[in-house]
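Novice: Structure incoming, see below.
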Amino acid sequence: MPIPAQPYPYPLPSSGLALLIIDMQRDFIEPGGFGDALGNDVSLLRAIIPQVKALQEAFRRYNLPIFQTVEGHLPDLSDCPPSKRDRDNGSLKIGDRGPMGRILVLGEPGNGIIPELAPLPGEVIIPKPGKGAFYATELETHLQAQGITHLIITGVTTEVCVQTTMREANDRGYECLLVEDATESYFPAFKQATLEMLRAQDGIIGWTGSTEAVLNALATQYSAPVMT
Ligand code: C5J
């Protein structure tokens, strides 16, 4: 069953579907992290947690793969271009020590996924040094190994890491649907513009649709494994 979406229904495959959750880490969503240090109102991003959680639970129910990413750098910052660190004029720079440990450094408390969306054992977390989830990561290897062709995309922030990832995925041939109410930005106008540009020109980058539409289609197309 296709998912009602824009610019036209998204072809839900019988296999090869995965959920991609981008950067739902404390650094962006909780006070004291990178997003806060840059002067953003991080409470805006919390609004999508119930929708992302509902999708995460549905994918688990139907035994479909889930991949989460976190943006972060090695402790010696050898994978952080000086340009990225220098262009950040916030109160704390990447690698500086803040209330949740070193900003945007892998393994620090702030780099962890928020407790509401904690992965289960065996679910893959992809650390990524860039904005796109395909750049310098193992994501594509995982997707290819599991025969994934279609991605349902969620997370933050819409116009930065989510959009960059969806463009990277599209260039690699993945059919992507961005879930409108399961992605958020510190800047509502940027979110809206991103949704419109991704689905423009007959889905030049892909589709956008609602959590409800995705959940309904999943329930129709897939069945939960029978517990014995
Ligand atoms: C940013 C992200 N905004 N996850 N990262 O720096 O969108």
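Novice: Quick one: what pairs do we get from the range 139-151, first residue closer than 12 Å to Tyr174 by Cα, second open to solvent by less than 60 Å² (accessible area, probe 1.4 Å) and outside any loop (DSSP other than H, G, I, E, B), C-beta under 6 Å, 6+ apart or different chains?
Specialist: What qualifies is Ile148/Ala18; His150/Leu17; Leu151/Ala18; Leu151/Leu20; Leu151/Ala169; Leu151/Cys176.
Novice: Of the residues in the range 84-120, how many are modelled with pLDDT under 95, surrounded by fewer than 18 Cβ atoms within 10 Å (Cβ to Cβ) and under 23 Å from Leu139 (Cβ atoms)?
Specialist: 1
Novice: Out of the residues in the range 1-40 that are within 16 Å of the ligand (Cβ to nearest atom) and among the aliphatic types (A, V, I, L, M), state the one that is nearest to the chain's Cα centre (by Cα).
Specialist: Restricting to residues being within 16 Å of the ligand (Cβ to nearest atom) and among the aliphatic types (A, V, I, L, M), the top hit is Ile22.
Novice: So for the range 64-77 (the condition being within 16 Å of the ligand (Cβ to nearest atom), open to solvent by 30 Å² or more (accessible area, probe 1.4 Å) and in contact (Cβ under 8 Å) with a residue 40 or more places away in the chain), does at least one residue qualify?
Specialist: No, the conditions are met nowhere in the range 64-77.
Novice: How do the helices (runs of 4 or more DSSP H) wholly within the range 134-228 filter down when requiring 3 or more residues that are within 15 Å of the chain's Cα centre (by Cα) and within 13 Å of the ligand (Cβ to nearest atom): which remain? Please lay out each step first, then the result.
Specialist: On the way: elements: 139-145, 163-171, 188-203, 211-221.
Helices (runs of 4 or more DSSP H) meeting the threshold: 163-171.
Novice: Since Ala200 meets every condition but one in (1) among the small types (Gly, Ala, Ser); (2) open to solvent by 10 Å² or more (accessible area, probe 1.4 Å); (3) under 20 Å from Asp23 (Cα atoms), which condition does it not meet?
Specialist: (3)
The values are calculated or read from the model by the stated rules, or taken from the named source; none is laboratory data. Quantities reported herein were computed from a predicted structural model and do not represent experimental measurements. Using ideal geometry, Cβ is built from the backbone for each residue, glycine included, and neighbour counts are taken over all protein chains shown. SASA here: full protein model, heavy atoms, side chains in, ligands and nucleic acids out. Shrake-Rupley method; radii C 1.70, N 1.55, O 1.52, S 1.80 Å.
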